[in-house]
Amino acid sequence: MTPTVLSASLLGAMLVASLLMESRMRLTSLVTLFRVQSAFLGFYALLLAYAEGAIHLAVIALLILALKAFVIPEFLLRVARASGASERLEAYVRPTTLSFAGLLVVGLAFAATNLLLPDGHYFAAAVSLSLVMLGFLLLVSRKDMFGQGIGFLGMENGIFIFGLALTGGMPLLVELSALFDLLILFILVAALVRRAQHEHSSVGTDLLRTLTD
Amino acid sequence: MTILALILLSILSGVLPFFARRFETVTALALLGSSGVAALSAVVGMPALLGASALSGGGLWYVDPFGGLLVLLIGFMQWTATMASVPYLGEEVRKGITSLARTKRYFALLALFVLSMLVTVVSNNLGFMWVALEATTLTTTLLVAFYDRKGSVEAAWKYLILCSTGISLGLIGLLMTYYAASSVMAGGATLDWTTLAASAHAFPASIMRIAFAFILIGFGTKAGLVPMHAWLPDAHSSAPSPVSGLLSGVLLNAALFAVLRYKALADLSAGGSGWTNGLLLGFGVLTVAVPAAFIIFQADYKRLLAYSSVEHMGLITFSTGLGVAGPLIAVIHIIGHALTKSMLFIGAGNILHRYESTKFANVGAVMRVLPYTGAFFLAGILLLLAAPLSPLFVSEYFIVSAAVATHPLYTLIILFALSVIFAGFLHLFAPLLFTAPSRGAEALAEKTGERWNISHTAMLLHIVLLLAFGAFLLTGAAYPLLEHVAASIT
C-alpha cells in the first residue's frame, strides 16, 4: 500500500473505533476500543514521521503509543479494580440510539468540514472533527465517570489527528508538555474516581447532581 | 532573567512548607515565599506596565503593559490570599477539619496554581500559554476537592471535565491558527505570538474566523462565559475561601487574556474587528443577563459571589467588544473587580468559619458578631455594586455611555440585569449584615466579637487600594497610563 492509502485506512479505522465506542456498555470493552484507537493514532503519527522524515514526530508517536495505548488505559482499569467499581457502564439512552446518533454526528462532521475547510486534508480533517464530536457525544451521553473520561480522551485523539494532519504537529516541547498535562489530568481523574467510589460506592454521575440552583 | 527567577521562586515557595513540622512554621514559610513572589512580580510587572513591551528569554517570554498589569494583580492577590489563608487554615486545624499534612499540600498547590497563571500571562509561545492555562485547571482541581464535604467531588469533577473539554476546543483554535500561519509564513510557522502578529495580516481570514470562534468557546469556558459557566458556581464555592478569591479574581482574567491574544491575530487577518467584536458583545450580554436570575434567588452566599463573578466577566467581555473605547474600560473593570471580589471571598471565609454555614438562612447580624469583617464586607459589597468612588462605577458608566448609541438593545438588557443584581444583593446582604438569622438566634449572643487578624489586614489593603484607584480615576492623570495599557490589548 502507498502511504496515502495506508494513512487513509488508519484514519478510517480510528473513525470506526470511535463509532463502536458509543455503544459499548462494559468498561473493559470500552477501554480496549480506546486502546486500539490510540494504537492506530500512534501508527498514523509514525507514518507521517516516516513520510516527512521528521524525527520529533516519531518521538511523539512513541509517546502516544506508550501513554494512550498502555499507561492511561492500564491505570484506569487498575483504579476500577482496586476501588471495586462496577464493570457495567450506564448511559442516558439505549446503546442502539447512541450508535444511530453517532452515525448522524459523523455525517454532520463531514458536511461541516466540507464547508469550513474544503481544500486539502479533507479526509483527515473530517475524521478528526468526527472523533471530536463523537467523543463529545460519549461525554454527554454517559452517566459514569469512566465513560465521561474516555469520551474526553476520544476528543483528545481527534484533536491530535487535526494537529498531525494539518500542521505536521506542534513544536516538540509544546507537544511534550501537552502530553504531560494529559497524564496529570488522568491522575486527577483516578483520584476523583477513587473518592467517589469511597463516598457513594459508585462512580455514577447521577449521584453528583446535588449542586443546583 | 527575572521571569525565570519568578518561576523558580514560585516553585520554591510551594516546596518550602514541606520542610516544617509545626503549623506556625509552615505558614511562616508560606508567607515568606509568597512575599518573595509578590516582590518579584512587582519587579517583572512594573517596568512592563509603565514602559514598553519586552521580549526576553530568547523570545520565550513576552510581557506587554497589559500582561504586566496581570502579573502585578496575580502577585499582589496571591500575597493577600496567602495572608488570609493563615488564620483560615489555623481555624480549620483547631476545629480538626484540616490536618497539618493537608495544610502543606494546600500551600504547595496554591504556589503551583499561581505559577501556572503567571506562565499563562508572560508566555510568548501560544503553545505554552495553552499548556499553562490547562495547568491552572489541573493545579486547582484538588483545591476545589479540598474538603471531604458532600458535593466537593461533584464540583471538582465538573470543573475538571468541563474546563479540560473547553481547553481542548481551544487547542483546535490554536492548531487552526498554526495552520493559517503555516500557509503564508516562509521558512515554517512558529507559535510565537509576536512573530505571528507581525505577519497576521496575511493569514487567511476565513480560517482565523473559525479559529477565533473555537478559542472564544474553549477559553471562554475557563473565563466563565455563559452558557459554558455551569462549573463555575460549584467550583468557586467549594474551594477554600482564599482560593475562591483567586479563582474569581484573577484566573478568569488570565483566561480572557488568552482570548484577547487571539482576537488581535484574528482582527489583523480580517483587517477589521467586526467578527470578533460581534461575538464578544453577544457572549458578554448573555453572561451579564443570565446570572441576574440566579443572583436574586440565591440561598448560598459563596455561590452568589461566584455568580457575581460570572456577571462581571460578562461586563469585561462586553467592553472588550466595544471597539476603540473598549480596552480602556476593560482594564479599569478588571482591576476593580479582581480586587473587590477576592476581598469579599476572604470576608466570606471569616463568616463561614464563625457560623459554619454558607446559607443565608443560617447567617445574620454579621455587623454585630464580626464587627471588622462585617464593616469590610459592607464596604466590599458597595464597591462591587459600583457605588461612586468604586473603580467599577467609572467602568460601568463608561460601558453604558460607549454602548448606548451603537448597541441600544444590548445596553438596555445590561442595565436591566444590573438593576436586578443590585436589588438581589441588597435584598440578600442587608439581612445577613444587620438582622439576626432566622435559625439559631439564641446561640448567636455567645459568638459575638472578633479579634483583628491578618485576614483583616489583607481586606483593608484591598479596600485602600480600591479607593485610591477610584480616586485616581477621578483625576485626569490616570488616563494616559490606562490608555498605555489598553493600547497593548488591541
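Computed on chain B, the Cα convex hull volume stands at 125 Å³ per residue. Semi-axes of the equivalent ellipsoid of segment B:300-353 are 27, 11, 4 Å, computed as sqrt(5λ) over the eigenvalues of the C-alpha gyration tensor in descending order. With a cut-off of 15 Å between beta carbons, the residues surrounding B:TYR62 carry a summed charge of -1, where Lys and Arg count +1 and Asp and Glu -1.
Per residue of the protein assembly as shown, the DSSP helices (runs of n ≥ 4 H) give a summed -39500 (n - 2.57) that works out to -26000 deg cm²/dmol at 222 nm.
Straight-line cross-link reach from B:LYS302 at under 20 Å between alpha-carbon atoms covers these lysines, not counting any fewer than eight positions away in the same chain: B:LYS150, B:LYS158, B:LYS222, B:LYS341, B:LYS359. Per-atom-type breakdown for segment A:3-202 gives carbon and sulfur 71% of the accessible area (1.4 Å probe, protein chains only). Using R₀ = 30 Å, calculate the FRET efficiency as 1/(1 + (r/R₀)^6) where r is the Cβ-Cβ separation of A:ALA82 and B:THR25; round to 0.05. So the FRET efficiency works out to roughly 0.25. Summing +1 for each Lys or Arg and -1 for each Asp or Glu among the other residues whose beta-carbon sits under 14 angstrom from that of B:LEU415 gives -2.
The overall shape of segment A:3-202, judged from the alpha-carbon gyration tensor, is oblate: a/c is not under 1.5, and a/b is no greater than b/c. Comparing A:LEU48, A:LEU183, A:LEU115 in a Gaussian network model of chain A (Cα springs below 10 Å), the most mobile by mean-square fluctuation is A:LEU115.
Seen from every direction in turn and averaged, the convex hull around the alpha carbons of segment A:88-186 projects onto 6.9 nm².
I'd like the accessible area for B:ASP192, computed on protein heavy atoms only with a 1.4 Å probe and all protein chains in place. Round to 10 Å², please. Rounded to the nearest 10, that gives 40 Å². Multiplying the sequence separation of B:SER438 and B:MET367 by 0.36 nm and subtracting their Cα-Cα distance, what value in nm do you get? Difference between extended and current length: 24.0 nm. On a per residue basis, the protein assembly as shown carries 35 Å² of accessible surface, using protein heavy atoms and a 1.4 Å probe. The local environment of A:ALA178, defined by Cβ-Cβ distances under 14 Å, has a net charge of -3 under the rule Lys, Arg +1 and Asp, Glu -1. Rounded to the nearest 0.05, what FRET efficiency do B:LEU12 and A:ILE187 have when you use their Cβ-Cβ distance and R0 = 30 Å? Using R0 = 30 Å, I get an efficiency of 0.85. Accessible surface buried by the A/B pair amounts to about 3800 Å², both sides summed, 1.4 Å probe. Taking a ≥ b ≥ c as the square roots of the Cα gyration tensor eigenvalues, segment B:383-483 comes out oblate, since a/c reaches at least 1.5 and a/b does not exceed b/c. Probe radius 1.4 Å, ligands and nucleic acids ignored: give me the carbon and sulfur share of the accessible area of chain B as a rounded percent. Heavy-atom surface of chain B belonging to carbon and sulfur, 1.4 Å probe: 71 percent.
Taking only Cα atoms and a 10 Å spring cutoff, compute GNM fluctuations for chain A and point out the largest among A:GLY147, A:GLY163, A:GLY135. Most flexible of the set in this elastic network: A:GLY163. Using 1/(1 + (r/R0)^6) with R0 = 22 angstrom and r between the beta carbons of A:SER29 and A:ALA101, what's the FRET efficiency to the nearest 0.05? After rounding, the FRET efficiency stands at 0.70.
Here chain B is treated with +1 on each Lys and Arg Cβ and -1 on each Asp and Glu Cβ, and its dipole about the Cα centre works out to around 860 debye. Rg and Dmax, both from the Cα atoms of the protein assembly as shown and both in Å, are 25.0, 84. Give me the distance between the Cα centres of segment B:391-427 and segment B:290-313, rounded to whole Å. Comparing the Cα centres of segment B:391-427 and segment B:290-313, I get a distance of 16 Å. Dipole orientation for chain B: of the candidates B:LEU280, B:SER319, B:ILE172, B:ILE172 has the Cα lying most toward the positive pole (charges on Cβ; Lys, Arg +1; Asp, Glu -1). Full extension of the chain segment joining B:ALA487 with B:LEU415 gains 23.2 nm, where the gain is 0.36 nm per residue of separation less the Cα-Cα distance.
Each part gets one Cα centre, and for segment B:352-390 versus segment A:66-135 those centres are 47 Å apart. Length gained on full extension, B:SER183 to B:ALA54, computed as 0.36 nm times the residue gap minus the Cα-Cα distance: 43.7 nm. For chain A, a Gaussian network of Cα nodes joined below 10 Å ranks A:GLU175, A:GLU22, A:GLU199 by mean-square fluctuation, and the top entry is A:GLU199. The dipole here belongs to segment A:3-202: it is taken about the Cα centre, uses +1 on the Cβ of Lys and Arg and -1 on the Cβ of Asp and Glu, and is about 640 debye.
Dipole magnitude for the protein assembly as shown: about 1380 debye, using +1 per Lys or Arg Cβ and -1 per Asp or Glu Cβ, origin at the Cα centre.
The values are calculated or read from the model by the stated rules, or taken from the named source; none is laboratory data. If you're wondering where the values come from, they're calculated on a predicted model, not measured in any experiment. Please note: Cβ atoms are built from the backbone with ideal geometry, for glycine as well, and neighbour counts cover all protein chains shown. Surface accessibility is based on the protein's heavy atoms, side chains included, excluding ligands, DNA and RNA. Shrake-Rupley method; radii C 1.70, N 1.55, O 1.52, S 1.80 Å.
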